[in-house]
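These notes are about the structure you will find just below.
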Amino acid sequence: MKECVFAGFGGQGVLTVGLLISQMATYKDYHATWIPQYGSAMRGGTANCTVKFGEGYIYNPSQDEPDILLAMNNPSLVKFLPLVKPGGTIVVNSDLVDSEINTRKDINLVEIPCLTLAKEMDHPRGANVIMAGAIVKLSGDFTEREAIDGMNDMFRKKGKEKYKELNTKALSIGYNYI
Amino acid sequence: MSKSKKVPYLVDRPMSFCPGCGHGIAIRLVAECLEELGQADNIVFPIGVGCSSLLGGGIEADRLHCSHGRAGAVATAIKRCNPNNVVISYQGDGDAYSIGIGETTSAAYRNERFTTIIINNTNYGMTGGQMSNTTLPNQKTNTSVYGRDCSVTGNPIRFPELAADQFNVGYAARGSVHDVPNIRKTKSYIKKAIEMQLSGEGYSVVEVLSPCPTNWKMEPLEAMKHIAEHVTTYFPLGEFVEKEEK
Amino acid sequence: MADMMKGNVAIAEAAIRAGARLYAGYPITPSTEIMEYMSWRMAEVDGVFVQAESEIAGINMIIGGAACGVRAITASSGPGISLKQEGMTTLSDEELPAVVVNMVRYGNGIGTLYSAQCDYHRETRGGGNGDYRCIVLCPSSVQEATELMVLAFDLAEKYRMVSVFMSEGALGQMMEPCELPEMRELPRYPWGFDGKYTNKKVGIFDRNSRDEAVLLNEKYNAVKENEQRWESIDVEDADYVLVAYGLPGRASIGAAKELRAEGYKVGMIRVITAWPFPEKAFQEVNPNVKGFITIEANATGQLIDDVALTALRTIDKKVQCYCRPHVYGIPSVKAIKQDFIDVVNGNMKEVY
């Protein structure tokens, strides 16, 4: 079972990245849970959600000890840095996040300039999908094909097919950045 | 003794109101109107708590004794679920204007397509005569023993006027049952209210001023006179809104 | 393959598919998505949706709809359900079926928005005036929530009672893969108001409360006998049995399994019907069990009372009953395992 925390400002699409990964997992017939922080707990800098997935039943869907943290802004890195499992991975949006915040030696910090990459591909709202691509690669649980199919299946069901090409490209950029 | 043919079968059984009470007259008027409009077999009564609840024992029809003040909400759902039934919430002033002011006002505000009949006897009758939101200024009750002091209690509420002025209701009127001409007039108000409901155009409310000799500590005739001379000066009789029926 | 679905949305859609055709209520976090969903979905199935002016008006609209024989549902959370108690005792008094959803949030008074289990006593005892019980169903996953929603309507109809769907805020907010139940096209209940006084069972004014009391006890005894539901593992030889429900119940199963794998003789009972309480689950427990441990998301421990009473009735000797109230949230598997270790090491005092 893998646990991922996705955190950032509201509007950076972190809840959607979480949903994407969980939907890819169910597309692969894994068990999956997605749980947000909601209500007053979500005020003050970070929106976040926790996704767990794997072959076995997920007994506790809530935030526990993430294997992977996505930090899209500085407050997210500050808040969740201590929670990450030793040996875990932190993916940061290096266009915004100051990597010096990280004081831990027992984690793997991956810097991705997702805003720059998104701008380069002329899809500024695709930064979160680029990050999703990187995370599925880092998790080691999905092939690029599985990830793309799972994502497009979700967007198709949500009636957002028109961005299929752009999103596929964004996911690939993230996947292959690693 | 032979019965009058005119007693509607809906209410052709004894009721347990005090001597001189106006509830029995009002209920009879409602039943007559239903019968004359061919709706006696098409009626659901959400009923208030208080003396108005005695309607439940006196009438043979679909009826629900609602929690205190909630008939406006119950009637809302009944009418929306059964739009082809005539729905009349039958309540007292305490039920509709005090504990149920939220439900009563909100139903009028939403222009729910049912009818509310509110018996206003300027006090809480069932519990033995306490002050209500319609108790007259200086009126003595068991909780205003020196007379109602409106500087601390607020002024008596005039709901049909409120509904007419502020909401887009179909029909709002106030009648009285203290003498025969007014009983006749009140019947015409109730009939118009039900017709408004049948037309589907909007919420209808008729407040009925009613004597409460027991708690007013008056003889029945004295109570009737009290309405004519005092109650109607604060609560004017008449129709406040009469929307065109389509 | 099932799609990810938000708990509150799945609950609302399951209710529609189970036959709900009236929703009336007032928004409150963390149940609001149910109402938002119903606001447009009811219209699609020719149902009735009313945004009530208050929680109290909402539950009274449920009464009006149920009296017309319509499958009716409302949803709220802790403080909102407090206001609904008046209507729930009235529904019970008139023997009108309805489903009331409580997506529980933590705290007394207006409380907080944290996911919790602090309303157990109220829901299982009937929080309004009088002598009544509601069937109380407690899901531990989004999938189970949809299944229990169908059951909630079926049991409400069968016994003409209120079914309380008692879940936690977190379950309404979380997403999981979920297969929805089949759409049912059901006629109204056959006994509702039709304006013709066809059915004389609703709105009875001449009551014989002594006779009614006998019938009420018969009904409640039948529910107790027939409708207990639970999930249990490894209780037959257990030295210790964890007892919990909802999301903490789900985490406790994980803890029990890991403890078992580590060599501890631990069993687990996950309560699904908080009322009727699953006494039958306890009859299967090792007669030499050393203790029951409840894992709860509240401050004072509530489920523990039912566990202790039931242990007294079902186990021949006095068994120690422990409680670890985690206040709010979902305790982690690791935390629950530590609760067990605390009991074994004598670091937790028994409650009963």
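Coordinate-derived values only; no laboratory data. If you're wondering where the values come from, they're calculated on a predicted model, not measured in any experiment. A quick note on method: Cβ atoms are made from the backbone with ideal geometry, for glycine too, and the neighbour counts reach across all protein chains shown.
In table form, for the structure just shown:
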read-out	value
Amide proton proximity set for residue C:3, modelled H, under 5 Å, gap of 5+	C:178
Listed residues B:47, C:70, C:146: farthest to the positive end of the dipole of the protein assembly as shown (Cβ charges)	B:47
Anisotropy class of region B:31-135 from Cα gyration tensor, a/c 1.5 cut	oblate
B:159, B:17 arranged by Cβ crowding within 10 Å, fewest neighbours leading	B:17, B:159
Net charge of Cβ neighbours under 10 Å - reference residue C:121; Lys, Arg +1; Asp, Glu -1	-2
Rounded if a/c under 1.5, otherwise prolate or oblate - region B:54-103, Cα gyration tensor axes	oblate
DSSP-loop chymotrypsin sites (Phe, Trp or Tyr not before Pro) across region B:132-241, with at most 15 other Cβ within 10 angstrom	B:146
Neighbour cut-off at most 14 other Cβ (10 Å), DSSP loop, chymotrypsin sites (Phe, Trp or Tyr not before Pro), region C:128-231	C:205
Space enclosed by the convex hull of the alpha-carbon atoms of chain A, per residue, Å³	106
Residue-by-residue Karplus 3J(HN,Hα) for region C:89-97, coefficients 6.51, -1.76, 1.60, Hz, glycine and proline x	6, 5, 4, 5, 5, 7, 6, 9, x
Kirkwood-Stokes translational diffusion coefficient of region C:230-344, alpha-carbon pairs, 10 °C, 1.306 mPa s, µm²/s	118
Given A:28/A:85; C:219/C:317; B:79/C:200; A:85/C:349, the pairs whose alpha carbons are separated by over 21 Å	A:28/A:85; C:219/C:317; A:85/C:349
Two-decimal ratio, region B:10-241, of alpha-carbon radius of gyration to 2.2 N^0.38 Å	0.92
Region C:172-222, Cα convex hull volume normalised per residue, Å³	220
Given chain A, longest segment not containing exposed loop trypsin sites (Lys or Arg not before Pro) (DSSP; at most 15 other Cβ within 10 Å)	A:44-103
Stretch gain in nm, segment residue C:51-residue C:344, where the contour uses 0.36 nm per residue and the Cα spacing is subtracted	100.3 nm
Two-decimal ratio, chain C, of alpha-carbon radius of gyration to 2.2 N^0.38 Å	0.99
Separation of the residue C:290 and residue C:217 label points, Cα + 7 Å toward Cβ, nm	4.1
Value of [θ]222 nm, deg cm²/dmol, for chain B, DSSP H segments ≥ 4, -39500 (n - 2.57) each, nearest 500	-9500 deg cm²/dmol
Net +/- balance of residues flanking residue B:229 in space, Cβ distance below 15 Å, scoring K and R +1, D and E -1	-2
Whole-Hz ³J(HN,Hα) from phi, Karplus 6.51 cos²θ - 1.76 cosθ + 1.60, for region B:33-46, glycine and proline x	4, 4, 5, 5, 8, x, 10, 5, 9, 8, 9, 10, 10, x
Across chain C: Cys residues that no other cysteine approaches within a C-beta distance under 4.7 Å	C:118, C:134, C:138, C:178, C:321, C:323
R0 of 60 Å, Cβ-Cβ distance residue B:242-residue A:125: FRET efficiency to nearest 0.05	0.55
Histogram of C-alpha separations across region C:52-173, 10 Å bin width, %	15, 49, 33, 4
Environment charge of residue C:253, counting only residues whose C-beta is closer than 9 Å and scoring Lys/Arg +1, Asp/Glu -1	+2
Amide proton proximity set for residue C:24, modelled H, under 5 Å, gap of 5+	C:50, C:73
Shape metrics for the protein assembly as shown, restricted to C-alpha atoms - Rg then Dmax, Å	31.1, 103
222 nm mean residue ellipticity, helices alone, for chain A (DSSP H n ≥ 4; -39,500 (n - 2.57); rounded to 500)	-12000 deg cm²/dmol
Residue B:9-residue C:352 pseudo-label distance in nm [points 7 Å out on the Cα-to-Cβ vector]	5.8
Phi-based couplings in Hz for region C:3-18 (Karplus 6.51, -1.76, 1.60; Gly and Pro marked x)	8, 5, 9, 6, x, 5, 5, 5, 4, 5, 5, 4, 5, 4, 5, 6
Long-range amide H partners of residue C:101 with built H, under 5 Å	C:74, C:75, C:76, C:165
Range in chain C, longest, excluding exposed trypsin sites (Lys or Arg not before Pro) [loop by DSSP; at most 11 other beta-carbon atoms within 10 Å]	C:1-199
